[in-house]
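Since the structure comes first, as structure tokens, the remarks are kept for the end.
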Amino acid sequence: MKTVEIYTDGACSGNPGPGGYGTILKYGESEKCLSGAYRSTTNNRMELMAAIAGLKALKEQCNVMLYSDSKYLVDAVEKGWAKRWRANGWMRTSKDKALNPDLWAELLTLLEYHNVEFVWVKGHAGHPMNERCDKMAVEAVKSGKFSD
């Protein structure tokens, strides 16, 4: 299987508010950049969308190193929370619903196909690829080309 690096970031102007995501896929010397924007969303939804967009862009099953500055995304996957929420009917606890079940369901399906390792990177700390993704997410919002 090919090994691909995916770098992601989400951004939101207000929370909720207009938001965007930026994703960079890197395979060897090749790069593919993806971005999108939504009129009314949250930062966490954009972090999830960035990862989903990257994984959906893969044309075959791959080993993936996915870099994100979102603890929400990385911890929910790496600590098994998202799978537990799904198993419990998208409930975090007996009283609290999990947020973003539509995106979590899509992401978990993609994670069952690809072999993905998540790597948390500190946001806005000079990581070149994270900074590029952040810029792409912000520019997607500024473009005014919203998907919803």
Matching residues in the range 84-104 (in contact with a helix residue (DSSP H, G or I) (Cβ under 7 Å, 6 or more places away or on another chain) and either exposed (fewer than 15 other Cβ atoms within 10 Å of the Cβ) or on the phi > 0 side of the Ramachandran plot (or both)) number 3
Subset of the range 16-30, residues within 16 Å of Ala50 (Cβ to Cβ) and open to solvent by 20 Å² or more (accessible area, probe 1.4 Å), comes to Pro18, Tyr21, Lys26
Scan (1) more than 12 Å from the chain's Cα centre (by Cα); (2) closer than 14 Å to Asp134 by Cα; (3) surrounded by fewer than 21 Cβ atoms within 10 Å (Cβ to Cβ) for the single condition Cys12 breaks and write down its number.
(3)
Among the residues of the range 115-122, are any closer than 24 Å to Ser13 by Cα, at pLDDT below 95, open to solvent by 30 Å² or more (accessible area, probe 1.4 Å) and in contact with a helix residue (DSSP H, G or I) (Cβ under 9 Å, 6 or more places away or on another chain)?
yes
Could you tell me how many of the residues in the range 106-142 are in contact with a Phe, Trp or Tyr (Cβ under 8 Å, 6 or more places away or on another chain), in a loop (DSSP other than H, G, I, E, B) and more than 20 Å from Gly20 (Cβ to Cβ)?
0
Filter pass, Leu103 being assigned to a loop (DSSP other than H, G, I, E, B), in contact (Cβ under 8 Å) with a residue 12 or more places away in the chain and of a type in the set (A, V, I, L, M, F, W, C)
no
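For every residue, the table says whether it meets (1) under 14 Å from Gly10 (Cβ atoms); (2) of a type in the set (Gly, Ala, Ser); (3) touching a helix residue (DSSP H, G or I) at 6+ places or on another chain (Cβ under 8 Å); (4) open to solvent by less than 30 Å² (accessible area, probe 1.4 Å).
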position: Thr42; (1), (2), (3), (4): yes, no, no, no
position: Leu48; (1), (2), (3), (4): yes, no, yes, yes
position: Ala53; (1), (2), (3), (4): yes, yes, no, yes
position: Ala57; (1), (2), (3), (4): no, yes, no, yes
position: Gln61; (1), (2), (3), (4): no, no, yes, no
position: Leu66; (1), (2), (3), (4): yes, no, yes, yes
position: Tyr72; (1), (2), (3), (4): yes, no, yes, no
position: Asp75; (1), (2), (3), (4): no, no, yes, yes
Which one of Gly80, Gly144, Gly126 is of a type outside the set (Lys, Arg) and either in contact with a Gly (Cβ under 8 Å, 6 or more places away or on another chain) or within 21 Å of Glu5 (Cα to Cα) (or both)?
Gly126
Which one of the conditions (1) basic (Lys, Arg); (2) touching a strand residue (DSSP E or B) at 6+ places or on another chain (Cβ under 8 Å); (3) free of Cβ contacts under 8 Å to residues at least 40 places away in the same chain does Arg132 fail to meet, given that it meets all the rest?
(3)
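The values are calculated or read from the model by the stated rules, or taken from the named source; none is laboratory data. Everything numeric here is computed off the predicted structure, so don't read it as measured data. So basically every Cβ, Gly included, is an ideal-geometry build from the backbone, and we count neighbours across all protein chains shown. Side chains included, ligands, DNA and RNA excluded: accessible areas come from the protein's heavy atoms. Shrake-Rupley method; radii C 1.70, N 1.55, O 1.52, S 1.80 Å.
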